[in-house]
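Below: the structure, in structure tokens.
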Amino acid sequence: MPRPRHHASSRDAAEALARTAPLVGRWIERLLAGHEPPLTVAQYLVLQAVDEGDVVGSELARRAAVSPAAVSQLLAALETAGWVRRERLADDRRRLPVALTADGRRALRSAQELLRDRLAALLADLPGPEADALGWLLRRLEHSLGGTAPPPRPPRPPKPHHRHGPRPR
């Protein structure tokens, strides 16, 4: 019995995404590394999430696709760079709202412009309706992914035991 068409279409789209996303990710990674100031993808995602609204903790980790521990390290580095500030609330000492500084806003806007311009050049040959459809589909995918934590990392393999004595030949 043939599979339903929708399922085959989803699988084809998933295959295309699996082939394309790493390439786009590599472009973005390299563009951000060459940006002045240089940014990592994780830093860019955190700056973007902070700019979009009041996000903290696990929500910030989910939107940046990193662990909560990594968010803490990222925020510390961004604060040291002068791009974000964390403020304690008088009525809730556990919550640390994060906001972009003027320098953080400038760095983010400049990086967004760089990515938009360079990636738009890659899409310049698409007919308008196709570019519009791609934009719509990617926003929809972003919405789906933004509300879902990435799958957990697999456990690290055990370290090999070192044998004492001569190596076999």
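Each residue was assigned an accessible area with a 1.4 Å probe, and for S67 the value is about 60 Å². Spatially, region 18-44 and region 63-89 are offset by 19 Å when compared through their Cα centroids.
Could I have the simple spin-label model distance between L119 and V41, label points 7 Å from Cα toward Cβ, reported in nm to one decimal? Roughly 1.1 nm, to one decimal. A DSSP coil position with no more than 10 other Cβ atoms inside 10 Å describes the following GluC sites (Glu not before Pro) in region 18-93: E87.
The residues W27, W136, sorted by heavy-atom accessible surface at 1.4 Å with ligands and nucleic acids left out, run W136, W27 from largest to smallest. Overall, the accessible surface of region 6-57 at a probe of 1.4 angstrom is composed of carbon and sulfur to the extent of 58 percent. Here region 103-159 has an Rg and Dmax of 17.2, 53 Å, counting Cα atoms alone.
Once R0 is set to 25 Å, what does the formula 1/(1 + (r/R0)^6) return for the Cβ-Cβ distance between Q73 and V24, expressed as a FRET efficiency to the nearest 0.05? Taking R0 as 25 Å, the efficiency between Q73 and V24 is 0.50.
The values are calculated or read from the model by the stated rules, or taken from the named source; none is laboratory data. Since the structure is predicted, the reported quantities are computational estimates derived from the model, not experimental observations. For neighbour counting, all protein chains shown are included, and Cβ atoms are generated from backbone atoms with ideal geometry for every residue, glycine included. Accessible surface is based on the protein model in full, side chains and every heavy atom, while ligands, DNA and RNA are left aside. Shrake-Rupley method; radii C 1.70, N 1.55, O 1.52, S 1.80 Å.
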